[in-house]
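Novice: Dropping the structure in here first, questions after.
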Amino acid sequence: MDGTLVIAPIGELHTMQGPPGPRKGTAMRETGRLHNAGLAVRDGCVVATGEADEIVRSFPGWPRLSAEGRLVTPGLVDCHTHIVWGGGRPDEFGGGSRGETYEEIAKAGGGILSTMRATRAASVKELTDGILRRAETTLACGTTALEIKVSYGLSLRGCKKELDAVAAARKRLRQRSIVTFMGAHALPPGYGRGRFLSLLESRLIPMAAAHPARPQFNDVFCEEGAFTREESERVLQAGIDHGLTPKVHSDEFKVLGGTETACRLGGASADHLLVSGDEQIKALAESNTVAVTLPGVAFYLNKPYANARKMVDSNCAVAVGTDWNPGSSMVCALPFAMGLAVARMGLTPEEALCAVTINAAAALRPRPDLEPKAGRDELPQELGTLVPGAPADFCIWPCESLEDLLYQYAFIRPESVFIAGRNQLLKLFRETWRRMDEAVREVASWSKGERQ
Ligand SMILES: [Zn+2]
C-alpha cells in the first residue's frame, strides 16, 4: 500500500512516550524504551508502536523493513545553529595555544565581525548553497529538523540578503526547519550603540518579521562586549511587538541577567549557560523557557561546560544543540554533542536523547500569542517523539542500544534517516551517486576525445 511502512523487528526503539515537552527534571529520563519492537507508518505519520510480532500482525501486507539488532530513535532536532555564513575562520582555531581568548580575537577585529565581512561579501546564491550543503551534512548525522539563525549580516542589506538565502534554501531543504532572526549578534563598526539599537527597532526587526523566510524568533547576544541586559530587553521587546518570540544567548562568559529576562518575557529558550548560577537555574526551572546547552562551544573554546546535571536536578527542561558556526563551534553532528553532554556535562543517556528530541523541539516552539507579519511557521506538535500521530521522522542507527550510540559518539552515523516516512538519506546518497556518475562519464568522454 502506498505511503505505508512497517519497521520490524527493531532491536531497541525509543518512542519518547510520556508527558508533552518541554520535559523537566526526572521526566527527561522517560524515553519509552522498547526491545524487539515494531513501528507502523502511514502518510508520513506514526500509526502505532509496540511489540514486533503484534505490529506485523496488525498491518498485514504493508511493506516491511527490518532493523533487527539495531537502534531506532526519533529524528534528532538541532535547536541552535548559525549555518548561514560566508568565509571561514580556520586561522582562529586553537587560539588558546597562542594565548588568545575568544574575546581578544573579537576585539582585534576577528570573530563575529570577520564573518560579518565575509557574509556581506557573499552572494545570495553562495549563501544558499552553503545552507544546503551544511544542512545535508547534518542530515547525514541524523538531524531531521533544525533551527537556522540569521546572524552575520548586521545591516539592513546584509540581513535581507541572508533572509533571501534562507527563503531560497528552505524551498529545497530535505529537513524541517524554523528560522531565528539575530540582528543583535554583535555591534557592527560604524554605529554608535544607540544608533544600532534604533536601527534594530525601526528597520531590521520589522523587515525580518515581514520577510518570506518567516522567522519566528528574535535572538540577542546578552554579553560583555555585545549587548547589556537593558539593551537585550529592548531588542527582545521590539521582536515581541512584531510577533517574534524571544530567545537569548546568555551566561556564555559573564552573567548579565539575560537568562532571567528571557524567562520573564516567555522566551522559548535561553542558550549557552556556561556560567549560569543558582539564580539563573532557578529562573529557568520556574519557567517554560528551555535551557539550551551547547557543549561543542565549551569544547572548541576550552571553557568549563554548562552545569546541565545541576539544571536537570533543579527541574529545568534541558536541551542540547550543536551551535554550528564558523568561530566557536564547528560541531555539526548531534551524536557528538550528545556524547559531550554525557561525558562532560553529566547527563544520563536517556536525558541526552530527550535533550536532542522532545526538549529541543520545545525550544523551537513560538509563543502561541505571537504572530509575525509574514505568518506563523511551526514545527509539528509531536515532533521529537514517535507516538501515534507524530511525524514519522526517525533514524536507524548501526548499533544495538542508546548507550552504544553515545559510546560511539565521535564517528557514528545513521544508516537511514526518515522524514515524514521517506528515507531522505537514501535520496541524498542517490543524488550524490548521480553527480559522481555524471562526473565519471564526463571524464571518460574527454579521454575518448569526444570533447575538446
Ligand atoms: Zn549561537
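Novice: Please list, in order along region 239-246, the HN-Hα scalar couplings obtained from phi with the Karplus expression 6.51 cos²θ - 1.76 cosθ + 1.60 (θ = phi - 60°), rounded to whole Hz, x for Gly and Pro.
Specialist: x, 4, 4, 10, x, 9, 6, x
Novice: Amide H neighbours of SER416 under 5 Å, counting only residues 5+ apart in sequence or on other chains, H built in-plane at 1.01 Å?
Specialist: ILE396
Novice: Same structure again: Just the number, please: percent antiparallel of the DSSP beta bridges in the chain, rounded to the nearest 5. If you can, show how the numbers build up before the last one.
Specialist: Working: 25 of 59 bridges.
Approximately 40 percent, going by the DSSP bridge assignments.
Novice: With contacts defined as alpha carbon pairs under 8 Å and 6 or more residues apart, what's the relative contact order of the chain in percent?
Specialist: On the way: 1092 pairs, mean separation 91.8, N = 452.
Dividing the mean separation by the residue count of the chain yields 20 percent.
Novice: Which residue, chosen from PHE227, CYS141, TYR102, occupies the Cα position most advanced towards the positive end of the dipole of region 77-362, where the dipole is computed from +1 (Lys, Arg) and -1 (Asp, Glu) charges on Cβ about the Cα centre?
Specialist: CYS141
Novice: Okay, moving on. Which one, ILE112, GLY130, VAL440, projects farthest toward the positive side of the charge dipole computed for the chain from Cβ point charges (K/R +1, D/E -1)?
Specialist: VAL440
Novice: Using the Karplus curve 6.51 cos²θ - 1.76 cosθ + 1.60 with θ = phi - 60°, work out ³J(HN,Hα) for each residue of region 49-65 in order, rounded to whole Hz, and write x for Gly and Pro.
Specialist: Residue by residue, region 49-65 yields 9, x, 6, 3, 4, 5, 5, 4, 5, 6, 10, x, x, 6, x, 10, 10 Hz.
Novice: Magnitude of the Cβ-charge dipole of the chain, K/R +1 and D/E -1, about the Cα centre, nearest 20 debye?
Specialist: Numbers: 52 positive and 54 negative charges, 282 e Å.
So the dipole magnitude of the chain works out to roughly 1360 debye.
Novice: Around GLN237, under 12 Å between beta carbons, what's the net of Lys plus Arg minus Asp minus Glu among the other residues?
Specialist: On the way: positive: ARG234, ARG264; negative: GLU201, GLU230, GLU231, GLU233, ASP241.
Every neighbour counted, the sum reads -3.
Novice: For region 365-408, rounded, prolate or oblate, judged on the Cα gyration tensor with a ≥ b ≥ c (square roots of eigenvalues), a/c < 1.5 rounded, else prolate if a/b > b/c? Intermediate values should be presented prior to the final figure.
Specialist: Numbers: a/c = 3.75, a/b = 2.67, b/c = 1.41.
It is prolate, given that a/c is not under 1.5 and a/b is the larger ratio.
Novice: Using the per-residue mean of other Cβ atoms lying within 10 Å as a proxy for protection, in what order, highest first, do the peptides 99-109, 189-199 fall?
Specialist: Values: 99-109: 14.5, 189-199: 13.0.
Descending packing order for the listed peptides: 99-109, 189-199.
Novice: Kindly identify region 77-362 as rounded, prolate or oblate by the Cα gyration tensor criterion: order the square roots of the eigenvalues as a ≥ b ≥ c, call it rounded if a/c is under 1.5, otherwise compare a/b with b/c, prolate if a/b is larger, else oblate.
Specialist: The shape class here is rounded.
Novice: Using only the Cα atoms of region 151-289, build the gyration tensor, take square roots of its eigenvalues as a ≥ b ≥ c, and label the shape rounded, prolate or oblate: rounded if a/c is under 1.5, else prolate if a/b is larger than b/c, else oblate.
Specialist: oblate
Novice: OK, next. Pop out the ³J(HN,Hα) list for region 13-19 in order, Karplus 6.51 cos²θ - 1.76 cosθ + 1.60 with θ = phi - 60°, rounded to Hz; leave Gly and Pro as x.
Specialist: 10, 10, 8, 6, 4, x, x
Novice: What residues qualify as long-range amide H neighbours of CYS45, i.e. H under 5 Å apart, gap of 5 or more or another chain, H built at 1.01 Å from N?
Specialist: Here the answer is ALA392, since their amide H atoms fall under 5 Å of that of CYS45.
Novice: Once you list every other residue whose beta carbon is under 11 Å from the beta carbon of LEU273, what net charge do they have if Lys and Arg are +1 and Asp and Glu are -1? Display every interim value, and only then the final one.
Specialist: Numbers: positive: LYS310; negative: ASP251, GLU252, ASP271.
Taking every other residue near LEU273 into account, the sum is -2.
Novice: A further question on this structure: For ASN218, what residues show an amide H to amide H distance below 5 Å, using hydrogens built from the backbone and excluding near sequence neighbours?
Specialist: When sequence neighbours closer than 5 places are left aside, the close amide H contacts are PHE181, THR245, LYS247.
Novice: Another question, then. Using alpha carbon centroids, what distance separates region 34-61 and region 309-378, in Å?
Specialist: Value for the Cα centre distance between the two parts: 29 Å.
Novice: What's the ranking of 27-39, 241-253 by average number of surrounding C-beta atoms within 10 Å, highest first? Intermediate results must be reported in sequence, preceding the final value.
Specialist: Numbers: 27-39: 20.1, 241-253: 25.5.
Per-residue Cβ counts within 10 Å, averaged per peptide and sorted highest first, yield 241-253, 27-39.
Novice: Turning to a different aspect of this structure: Where Lys and Arg each count +1 and Asp and Glu each count -1, what net charge lies around TYR409 among other residues with Cβ under 14 Å from its Cβ? It would help to have the intermediate numbers written out before the result.
Specialist: Numbers: positive: ARG344, ARG413; negative: GLU403, ASP404.
That works out to 0.
Novice: How high is the relative contact order of region 193-341, given as a whole-number percent (alpha carbon pairs under 8 Å, six or more residues apart)? Spell out each step's value before the answer.
Specialist: On the way: 284 pairs, mean separation 22.4, N = 149.
Here the relative contact order equals 15 percent.
Bear in mind that the values in this text are calculations on the coordinates, not laboratory data. Quantities reported herein were computed from a predicted structural model and do not represent experimental measurements. Every residue, glycine as well, gets a Cβ built from its backbone with ideal geometry; the counts of neighbours run over all protein chains shown.
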